[in-house]
Amino acid sequence: MPRLPHLRRLDQAQREEVLQRLERLTELPLLVLAFVMIPLLVGPFVWDLSAREEAAFAAVDIFIWAVFAVDLGLKVAIAPHSKEYLRRHWLEVLIVVVPFFRPLRLLRLLLFGSRFFVGFRQAVRVDFLVVYAVGMVMISSTVVLTIEQDQPGATITTFPNALWWAVVTVTTVGYGDIVPVSAAGRGIAFLLMLGGIAFFSGITANLASVLVGAGQSQNSALNQLSQEIQSLRQEIAGLRGDHPDNAHEDTT
């Protein structure tokens with residue numbers, strides 16, 4: 001995060017600009033944390049967690065709450081009109097102040113989904129693709145553990161196992177050490193594989209775009225250099241009173 005100027009020295013327009021920059025910087029990290037909230041909300045109710053796992057879930061939950069609280073505090077401090085900002089962002093205030101409303105953090109995912117369909121070009125950026133991959137892993141690991149934990153012969157019986165399986169599957173590595181045994185679990189695996197292929201296709205397309213752009217920049221630079229050399233030849237020819245072709249012959 002860039003250093004924020006001293007707030008007292010900023011006028012209203014400058015505060016608005018800093019606030020918009022901060023919102024752009026924090027949008028994707030908060031979306032990642034919203035995805036992480038999915039197993040934290042589901043797990044304690046539908047999984048058989050050990051005491052150690054419950055403590056780990058609680059610690060991560062507190063950490064995420066602290067991040068949301070700090071984010072809200074910074075934005076309120078930067079906003080030109082703090083009360084107006086709190087009134088416009090009352091939902092975020094409830095999420096931070098009232099623990100009962102923690103699940104409302106998932107509303108960020110709905111907003112993200114709407115932006116995904118509205119601005120598809122933005123959604124294929126690398127940073128959005130990473131958030132998309134995190135979301136796939138979190139959702140699929142949560143769903144498949146809920147389905148598989150009570151199945152006979154199941155190997156996905158803990159959240160770490162489910163998380164490992166989801167990462168291996170989305171990368172299309174497929175070690176086969178942990179696999180779903182139910183039809184529903186295998187269906188989730190199939191969708192996750194397709195999502196992984198789409199993710200890496202997007203990454204490859206971005207890499208290709210960067211390489212093509214670099215090649216075009218080099219060609220453009222060479223063309224510009226060639227034009228400048230030609231212009232210099234014409235100027236030299238003009239100073240000498242010769243024809244440009246003669247100047248060319250002299251230089252060669």
Evaluate the distance, in nm, between pseudo-label points positioned 7 Å from the Cα of Ala59 and of Arg24 along their respective Cα→Cβ axes.
3.6
Mind ranking 125-132, 229-236 by how tightly packed they are, going by the mean number of other C-beta atoms within 10 angstrom, highest first?
125-132, 229-236
Gain in span if fully extended, Arg240 to Ile203, counting 0.36 nm per residue against the direct Cα distance
7.8 nm
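Every number in this text was worked out from the coordinates using simple rules, so none of it is lab data. Only a predicted model underlies this, so the values are computations on that prediction, with no experimental measurement involved. Using ideal geometry, Cβ is built from the backbone for each residue, glycine included, and neighbour counts are taken over all protein chains shown.
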